[in-house]
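**Student:** One structure is given below, represented as structure tokens, and several questions about it will come after.
The values are calculated or read from the model by the stated rules, or taken from the named source; none is laboratory data. All values derive from a computational prediction rather than experimental measurement. For neighbour counting, all protein chains shown are included, and Cβ atoms are generated from backbone atoms with ideal geometry for every residue, glycine included. For the accessible areas, the whole protein counts, side chains as well, though only heavy atoms, and no ligand, DNA or RNA atoms are used. Shrake-Rupley method; radii C 1.70, N 1.55, O 1.52, S 1.80 Å.
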Amino acid sequence: MDTSIAISQCAFHLFLSILMAYVLFREARESRNPFKWSKTDRALFLIALFYFVGGLLPILSPDYFLHSSPQHQIADLWRRSFHSILSVGGYWILLLAFSLWLQRDPPKRKNPLEWGAVDRTLLLIWVFLFVGGIDLLERLLLSSAQEPPWINQAFVMALRPIHLAEGAFVLLLLFAGLWLRRRAPENRIFVHVVIQYAAVSIAFNAYSFGALTDANAFLGGMALGAFALLLFQPSVALPAMSTFMVLTVGATIASGMGLIPYAPQYSASPIVDGKIDSAYLVSSLTWTTIVFLLIMSLMTFVLVRWRDREGRLSEMTVLLKKMFGRYLSTEVMNAIIENPTSLELGGERRRVTIMMTDLRGFTALSERLEPEQVVQMLNAYFEVMVDIVLEFNGTINEFIGDALLVVFGAPQEIKDRAERAVACAITMQNAMGKVNEQNRAKGLPDIEMGIGLNEAEVILGNIGSSKRSKYAVVGSGVNMASRIESYTVGGQVLISESVRAEAGHILRLDAQREIWPKGSEIPIRIYEVGGIGGTYKVALETGDTPPIPLVQAIPLHCTLLEGKKVEKSRIPCTLVRLSNRGAILQMSEPLEPLMNVKLNLSSAPKRLSTRDFYGKVIDLQEKNGFYHRIRFTAVPPELDAYFQALLQYATEMIKEKGSGVKA
């Protein structure tokens, strides 16, 4: 053996032992005393001691480098035996150490397809070590018999320094992978370096034995391609396969042109007169059979695990749909099933269209009904609204009492999210007639809904704690949608400037005004939508009738509302015109549009004058006399019946006057 190679091997074994011991002591979990370590750590420490003795022994016996003299035959035999164990069993011992190290901190999942990229790459290194051990075992079998005449010993000796450097590089990759597996488990640079090294190593092996005449050469390439495609994405596997093919085909062409020797591992052909050399036959069959069985075993293991995973995933899909299908939108459910990692806590920024709906005056209405009736009314209302939202691919983010928070554009991207949101809102308003028909059939009162829309960038994702979380959307844009909705009256759809800009010219805008929502430093402009063209072509169906002049004006008391707070002072006013959903009031002073008011009759029987009803100022109809258009938001049944009687009487008077004029 060359002295420089022997010295390099000693240094390699010493370095390996010191590195293993250093890491073991550094990561000692309970004590620095090896006797108190776990069985796995103690086994690793023994392997480190073995390598340390193997590297230290030649240094204590210098004649090891100078060839043994006859008088040292026993010592020489012992040293050679120890050297053979290190040389031939080195890969196997390293493979054992690698397996023990992985056992110290095993992957969280048993299926390699579900491991991180670094762990999958370490599995590939494990295969390298196993195949390297088979290769060394084959050499041992050949060297124990008579030297085969077809082996080019000069080429084999020239490769020894390369093999030593290659072993050091594999060891470096091994420790780098063990260091990265918990710090950067998806490190793609490490994956590419390892798999490209494998391609180059197998291509060189194919060149050494002759790619055209040795089946084992291409078997190694096929194994690499199968493992790479099975464990990694095509963007990782295909470059490595390309490297192998380019190097192998390039070396074969160069050999054919006489630029480099073909199959330099052989000095002669192992096949003479149709007979195969027995040593060549045994070594080839041994290597081919063992490697083939290894590949088949690993691929079978991975495929069985994959089938089990698919079966569990199918069962989990059915279970999730049964358990949570009533509470999650179809889009969120599909996103969770297709990407289970979305269940982890986290979020992303995305621009979406937010819809907020609310039933006008429902708080006061629910106080007059039994709890069972309230729940019955809400369930019937949500049954219709949810179907419409899902029809337009909206994601129902949350039920907030009688309110509904819907997002368009998450978790799936929607290009026309603003148009869909507006069309959905109009369709929902038009469906309120169906909801109220069901209510009347059950003896329940009519309800009205207001809808506000806003387009904004929000944070969305699985938000909460590790024990309880939900898919949610948060941000100032959600708050603004709620603020816009608070300015609506029943049957109205209000949108922000951002929704108008996103949806474009296909909207029919019936009105616009500036508002100063709570928490905003500047006023914003909102728009009342009456319809949408383009693909959807839907218009708002209003059931409002024009206000009719009353035969006699009705005196009222008006109290201004600031949010949930009621002002103490009352403003006298008069009800002069009445419609099925609102009225024209003459005030003693002008009121701001969109202001909420509480009203009651000032001169009426006690059972009516003590009942409050609520409304919202729509606009100022006439400046002279301060006539305001009011939209009712909550009217008790007693007052509703009273107003319907007034309206019917005023209508009949108008008809009689019309008949008198014609006569």
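**Student:** If I take R0 = 45 Å and measure r between the Cβ atoms of LYS434 and PHE626 in this structure, what FRET efficiency does the formula 1/(1 + (r/R0)^6) give, to the nearest 0.05?
**Tutor:** 0.70
**Student:** Could you do me a favour and compute the accessible area per residue for segment 571-649, 1.4 Å probe, result in Å²?
**Tutor:** Counting only protein heavy atoms, the per-residue value for segment 571-649 is 48 Å².
**Student:** Got a sec? What order do THR363, THR289 fall in by accessible area at 1.4 Å, biggest, i.e. largest, first?
**Tutor:** In descending accessible area the options line up as THR363, THR289.
**Student:** What distance in nm separates the simple spin-label points at ARG513 and SER242, each placed 7 Å from Cα in the Cβ direction?
**Tutor:** Those two pseudo-labels are separated by 6.4 nm.
**Student:** Next question, about the same structure. Could you check how much of the accessible area of segment 537-645 is carbon and sulfur, as a whole percent, using a 1.4 Å probe?
**Tutor:** 49
**Student:** Still on this structure, please answer the following. Which cross-chain or sequence-distant (5 or more) residues have an amide H under 5 Å from the amide H of MET595, H modelled 1.01 Å from N in plane?
**Tutor:** VAL617
**Student:** With label points built 7 Å along Cα→Cβ from the Cα atoms of ALA539 and SER569, find their separation and express it in nm.
**Tutor:** Label-label distance for ALA539 and SER569, simple model: 4.4 nm.
**Student:** For LEU46 and ARG468, calculate 0.36 nm times their separation in residues minus their Cα-Cα distance, and state this gained length in nm to one decimal.
**Tutor:** Taking 0.36 nm per residue and subtracting the Cα distance, the gain is 147.3 nm.
**Student:** Take the Cβ-Cβ distance between ARG160 and LEU390 as r, set R0 to 51 Å, and report the resulting FRET efficiency rounded to the nearest 0.05.
**Tutor:** 0.15
**Student:** Ok, one more. Quick check for you: with a 1.4 Å probe and neighbouring chains kept, what is the accessible area per residue of segment 356-407, in Å²?
**Tutor:** 43
**Student:** If I compute solvent accessible area with a 1.4 Å probe over the protein chains, what percent of it on segment 155-279 is carbon and sulfur?
**Tutor:** 73
**Student:** With all protein chains present, calculate the accessible area of TYR487 using a 1.4 Å probe and round the result to the nearest 10 Å².
**Tutor:** Its accessible surface works out to 40 Å², give or take rounding.
**Student:** Tell me, what is the FRET efficiency for ARG525 and HIS557 to the nearest 0.05, using R0 = 35 angstrom and their Cβ-Cβ distance as r?
**Tutor:** Calculated transfer efficiency: 0.55.
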